[in-house]
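Read-outs throughout are calculated quantities, based only on the coordinates presented, and are distinct from any laboratory measurement. None of the values given here were measured: they were computed from a predicted structure. All Cβ positions, even for glycine, are placed from backbone atoms using ideal geometry, and neighbour counts span all protein chains on display.
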Amino acid sequence: MSPISPDIALRDYRMPVYQVPDTVIEVLPIAQRQALKARLRTLLNQKNAVLVAHYYTDGDLQLLADETGGCVSDSLEMARFGTRIDAQTLLVCGVRFMGETAKILNPEKSILMPTLEAECSLDIGCPIDAFSAFCDQHPHHQVVVYANTSAAVKARADWMVTSGSAVDVVTMLKQQGRRIIWAPDKYLGQYVQQQTGADMILWQGACVVHEEFKGTELELLRHQYPQAKVLVHPESPASVIQQADVVGSTTGIIKAAMELDAEQFIVATDKGIFHKLRELAPGKTFIEAPTAGRSATCKSCAHCPWMAMNTLGKAIHALETGANEILVDPAIIERARKPITRLLEFTRDQKRLAGDA
């Protein structure tokens, strides 16, 4: 077998636009949606199941999760939530890597998803064979992967990080004199590298939603709303991040919207978050940051096409039939849990030190 080129991580692992599915939003009459919610509520009770939903999913799924004792959060907290409840089944409304992460932290529970077709461009853009081969060529680097990766990629890593913890973890590794392989999002990697000055090799992946935010168009929009604060997810291009008042994870963006003394916000992340923003910051105005897809063709229009695949009907089908169960090889689970646990312990220690300060 011929050796893999040492520049493998420098290849463009972004999804070609023609491979990105169209974003299809399910539109149903109110009465039908209410009936579906009632049915799903009944099934959750009958099946000893709990609903965990990401901020980017359908608003009714988020409402139902909150109303039934479930969880609406970012991907890591969705998985951690399962460790704190007695329910035997987790219905994970999000994308596949979120279901896998939930399984890694809850191997004894059944993890169901509305559909297994809900992928993530960052996950798809970091294939385990190519990534593992590259890591093998740089054995002295610490391997740091973003949460938006498969269980197999996590199993190959030394650390898993979230967008909210990445800067702190990489800062610590830099202080230890470590060199770093970062995957898969190049924009988040560039942001972390700029913030920390760490020696990092960046995998060339990108989120199909956040990559579409455009700096020039954002600048024009800011002139229309000069009083608005700009909230940006760090998976966005540098030209967008540079204009931000706050750069943060989904949780960080919501926190900023609640706490900042402003009435208007321009938000550069998946617009599914607007449901929770409006719920937790009522009376404030949220404006979508402008997007334009490659060749000026908008594919996602600031909403993940795979997140949109999570529907009430599909969630009901999963609970009724046990379909779309997430299964992960136990050997992979054992290895993948280590970088996640390392992050959780690091975060816990950071909070403890901050409390002692």
Inter-part gap, Cα centre of the stretch 250-290 to Cα centre of the stretch 318-357, in whole angstrom, is 27
Candidate cut points under GluC sites (Glu not before Pro) in the stretch 69-116, DSSP loop plus at most 11 other Cβ atoms within 10 Å of their own Cβ, are 108
Straight-line reach check, residue 214, cutoff 17 Å on alpha carbons, 8 or more apart in-chain or any other chain, hits among lysines -> 186, 229, 271, 299
Under 22 Å between C-alpha atoms, the lysine pairs in the stretch 45-180 lying 8 or more places apart or on different chains count 5
Semi-axes a, b, c in Å (a largest) for the stretch 210-286, each sqrt of 5 times a Cα gyration tensor eigenvalue, come to 18, 14, 10
The alpha-carbon center of the stretch 29-85 and that of the stretch 103-182 are separated, in whole Å, by 26
Counting only residues 5 or more apart in sequence or on a different chain, those whose built amide H sits under 5 Å from that of residue 146 are 161, 183, 185
Within the set 190, 19, 243, GNM on the chain using Cα springs under 10 Å gives the largest fluctuation to 19
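Would you please calculate the Kirkwood hydrodynamic radius of the stretch 136-194 over all C-alpha pairs and express it in Å, rounded to one decimal?
11.5
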Expressed in angstrom and ordered largest first, the alpha-carbon extents of the stretch 191-337 along the principal axes are 51, 43, 36
Sequence order, the stretch 143-153: Karplus ³J(HN,Hα) from phi using 6.51 cos²θ - 1.76 cosθ + 1.60, θ = phi - 60°, Hz rounded, Gly and Pro as x, gives 9, 10, 10, 6, 4, 7, 9, 5, 4, 5, 5
Of the convex hull enclosing the alpha-carbon atoms of the chain, the direction-averaged projected area in nm² is 19.3
In whole Hz, the Karplus estimates of ³J(HN,Hα) for the stretch 230-246 (6.51, -1.76, 1.60; θ = phi - 60°; x where Gly or Pro) are 9, 10, 10, 7, x, 7, 7, x, 4, 5, 8, 4, 4, 9, 7, 7, 9
Highest mean packing first, using Cβ neighbours within 10 angstrom, the peptides 137-144, 31-38, 333-340, 48-55 sort as 48-55, 333-340, 137-144, 31-38
Computed on Cα atoms, Rg of the stretch 1-145 relative to 2.2 N^0.38 Å comes out at 1.29
For the stretch 311-357, the dipole about the Cα centre with charges only on Cβ (Lys and Arg +1, Asp and Glu -1), to the nearest 20 debye, works out at 220
